[in-house]
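K.L.:
Just dropping this structure here.
The values are calculated or read from the model by the stated rules, or taken from the named source; none is laboratory data. Note that the structure is predicted; figures quoted are calculated from it, not measured. Positions of Cβ are generated from backbone atoms using ideal geometry, with glycine treated the same way; all protein chains shown enter the neighbour counts. Please note that ligands, DNA and RNA were not included when accessible areas were found on the heavy atoms of the full protein model with its side chains. Shrake-Rupley method; radii C 1.70, N 1.55, O 1.52, S 1.80 Å.
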Amino acid sequence: MKVVGLMSGTSGDGVDAALVEISGRKQSLTARALAAQTLAYPRSLQQRILTASVSGTVADICHLNALLGEWFANAAMQVIRLAKLRPADVALIGSHGQTVHHLPHGVQAAGVGAIRSTLQIAEPAVIAERTGITTIANFRPRDIAAGGQGAPLTPAAHVLLLKHPRRARLIVNLGGISNITYVPRGGNPDSVVAFDTGPANMVLDALISRLTHGRLLMDRDGKLAGKGEVDARLLAKLLAHPFLSRRPPKSTGREEFGPSVVDELLTIQQQQGLSTEDLLATCSMWTAKAVGTARRWIKGEVDEVVVGGGGVRNRAIMAHLAAVFSPVPVTTFEALGWDSKAFEAVAFAVLAYQTATGQGGNIPAVTGAKHPVLLGTIVPGGRRWLEHFRS
């Protein structure tokens, strides 16, 4: 089955699309990426998404939902053309959408207790209509309904596609938020540990944007951070953030590491007279040290650390990770034959495939759900889906 996976992370910088050929079931599932690319958002749209995630109105969310549906549909069509295929050759689209809010710990509601919730936009009906391909989206809410946090969901793909018969791997994803998956030797899903560890690109990107008044959107390749010195006093304060010591299952987002954290960091920078380079160096080390805290909840040994996500290009973070995990080797998804930037899109192609073939996609021990569930909302792409359903 050929499936397109679509993903836009908490950095809100664009849609990652991957066209994947998938076969098999459960632990024998195999996947091969046929094409991958990123459809970058213009700066104005990225800013609208980031603003809406914190203080958006109902009108903002309503319009962005439909608008991003168009962007996601375009990304799907582009990656299909890149693979020299037609929409008719593709069975499914799996769309994560764009997270605009994530409340995994619950908000008290009269008579019903704490209600967990999450919201991803990029209307799947628009994607299905524009492409003619059956689209599966809204993966997270079913896990939440089953008592989980709705995240992280990519560990299921980490186990299936990155397991090794003799090496226990710590899979690290450096997106807007960093998360880890511990895949034991042989990939036994019952022994998998996975959770968000804290901020990665989200805080760094916001800092550089604020410090340069929007002239730069990222510290490309970690060049500025690489020139700075880590400030021990600020690092100690950052490592005391309560999220880092919270027991899994746990997930987080812009609600916990968004504008308020950036405001505090900029205030501290002024009070302590830190340079931009030193501030970025310290926050890069914070990311690496936060990932390192994962070991306290992992019972087995780690033979290898494998890093993916957009942050893999940040040489400062990668150097800090190598120091934090030494002497355990730190490598990248590319060394395993996968594109670091595209792997999360691959993961949602796999999750869509699992739903379409009747396989649960969540790992209850990871998300906290009471049991495995079929993830997602299915939006038929046209008559071909109905004929398949009747058969």
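K.L.:
Quick one: which of Glu301, Glu334 is within 21 Å of Val183 (Cβ to Cβ), within 18 Å of the chain's Cα centre (by Cα) and surrounded by fewer than 21 Cβ atoms within 10 Å (Cβ to Cβ)?
P.N.:
Checking each option against the conditions leaves just Glu334.
K.L.:
Take region 251-275 and flag every residue that is assigned to a helix (DSSP H, G or I) and open to solvent by 40 Å² or more (accessible area, probe 1.4 Å).
P.N.:
Looking only at region 251-275, we keep the residues that are assigned to a helix (DSSP H, G or I), and these are 254-257, 259-272.
Within region 251-275, Glu255, Glu256, Pro259, Ser260, Asp263, Glu264, Thr267, Gln270, Gln271, Gln272 qualify.
K.L.:
How many residues does region 130-155 contain that are part of a helix (DSSP H, G or I) and touching a Ser or Thr at 6+ places or on another chain (Cβ under 9 Å)?
P.N.:
The total comes to 6.
K.L.:
Out of all the residues in region 35-59, which are surrounded by 18 or more Cβ atoms within 10 Å (Cβ to Cβ) and more than 18 Å from the chain's Cα centre (by Cα)?
P.N.:
Within region 35-59, Ala35, Arg48, Ala52, Gly56 meet the criteria.
K.L.:
Just to be sure before I move on: is Val79 β-branched (Val, Ile, Thr), surrounded by 24 or more Cβ atoms within 10 Å (Cβ to Cβ) and in a helix (DSSP H, G or I) in the structure I sent?
P.N.:
Judged against the criteria, Val79 is a match.
K.L.:
Among the numbered criteria (1) acidic (Asp, Glu); (2) open to solvent by less than 40 Å² (accessible area, probe 1.4 Å); (3) under 21 Å from the mean Cα position of the chain (by Cα), which single criterion is violated by Asp231?
P.N.:
(3)
K.L.:
What is the residue count in region 292-312 for residues that are assigned to a helix (DSSP H, G or I) and closer than 23 Å to Asp205 by Cβ?
P.N.:
The number of residues fulfilling the criteria is 6.
K.L.:
Another question, if that's okay. Surrounded by 21 or more Cβ atoms within 10 Å (Cβ to Cβ) and under 17 Å from Val15 (Cα atoms), is that true of Ile121?
P.N.:
For Ile121, the condition - surrounded by 21 or more Cβ atoms within 10 Å (Cβ to Cβ) and under 17 Å from Val15 (Cα atoms) - is met.
Residues are listed down the side, and each one gets a yes or a no for (1) of a type outside the set (A, V, I, L, M); (2) touching a Cys at 6+ places or on another chain (Cβ under 7 Å); (3) open to solvent by less than 10 Å² (accessible area, probe 1.4 Å); (4) closer than 24 Å to Val307 by Cβ:
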site	(1), (2), (3), (4)
Arg130	yes, no, no, no
Ile144	no, no, no, no
Gly147	yes, no, no, no
Val159	no, no, yes, yes
Arg166	yes, no, no, yes
Arg169	yes, no, no, yes
Ile180	no, no, yes, yes
Val193	no, no, no, yes
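K.L.:
Right, next: Please verify whether Gln354 is in a helix (DSSP H, G or I), in contact with a helix residue (DSSP H, G or I) (Cβ under 9 Å, 6 or more places away or on another chain), more than 19 Å from Leu174 (Cβ to Cβ) and among the polar types (S, T, N, Q), treating the condition exactly as stated.
P.N.:
Against the criterion (in a helix (DSSP H, G or I), in contact with a helix residue (DSSP H, G or I) (Cβ under 9 Å, 6 or more places away or on another chain), more than 19 Å from Leu174 (Cβ to Cβ) and among the polar types (S, T, N, Q)), Gln354 qualifies.
K.L.:
Name the residues in region 366-383 that are without any contact (Cβ under 8 Å) to a residue 60 or more places away in the chain and more than 16 Å from Ala157 (Cβ to Cβ), would you?
P.N.:
Arg383, the sole residue that qualifies.
K.L.:
Please work out if Thr287 is more than 30 Å from Glu21 (Cα to Cα), within 18 Å of the chain's Cα centre (by Cα) and touching a residue at least 40 places away in the same chain (Cβ under 8 Å).
P.N.:
yes
K.L.:
Here is a list of conditions, (1) open to solvent by less than 20 Å² (accessible area, probe 1.4 Å); (2) over 19 Å from Val4 (Cα atoms), and Val346 meets all of them except one; can you say which number that is?
P.N.:
Evaluating Val346 over (1) open to solvent by less than 20 Å² (accessible area, probe 1.4 Å); (2) over 19 Å from Val4 (Cα atoms) leaves (2) as the failure.
K.L.:
Right, another one. Starting from region 237-253, take each residue that is at pLDDT 95 or above and list its partners that are open to solvent by 70 Å² or more (accessible area, probe 1.4 Å), counting only C-beta distances under 6 angstrom and pairs at least six apart or across chains.
P.N.:
Leu239/Lys289
K.L.:
State all residues of region 190-214 that are at pLDDT below 90 and more than 20 Å from Arg247 (Cβ to Cβ); if no residue qualifies, say none.
P.N.:
Listed by number, the list holds a single entry, Gly214.
K.L.:
Could I ask something else about it? Given Ala125, Ala114, Ala206, which one is farther than 21 Å from Glu304 by Cα, assigned to a strand (DSSP E or B), over 16 Å from the mean Cα position of the chain (by Cα) and not acidic (Asp, Glu)?
P.N.:
Unique residue meeting the criteria: Ala114.
K.L.:
Further question on the same structure: Pairs please, first residue from region 340-360 and free of Cβ contacts under 8 Å to residues at least 40 places away in the same chain, second anywhere and among the small types (Gly, Ala, Ser), Cβ atoms under 9 Å, 6+ apart in sequence or on different chains.
P.N.:
Ser340/Gly308; Ser340/Gly309; Ser340/Gly310; Ser340/Gly311; Gly360/Ala156
K.L.:
Just to be sure before I move on: is Arg166 assigned to a loop (DSSP other than H, G, I, E, B), among the charged types (D, E, K, R), out of contact with any strand residue (DSSP E or B) (no Cβ under 7 Å at 6 or more places or on another chain) and more than 22 Å from Pro329 (Cα to Cα) in the structure I sent?
P.N.:
no
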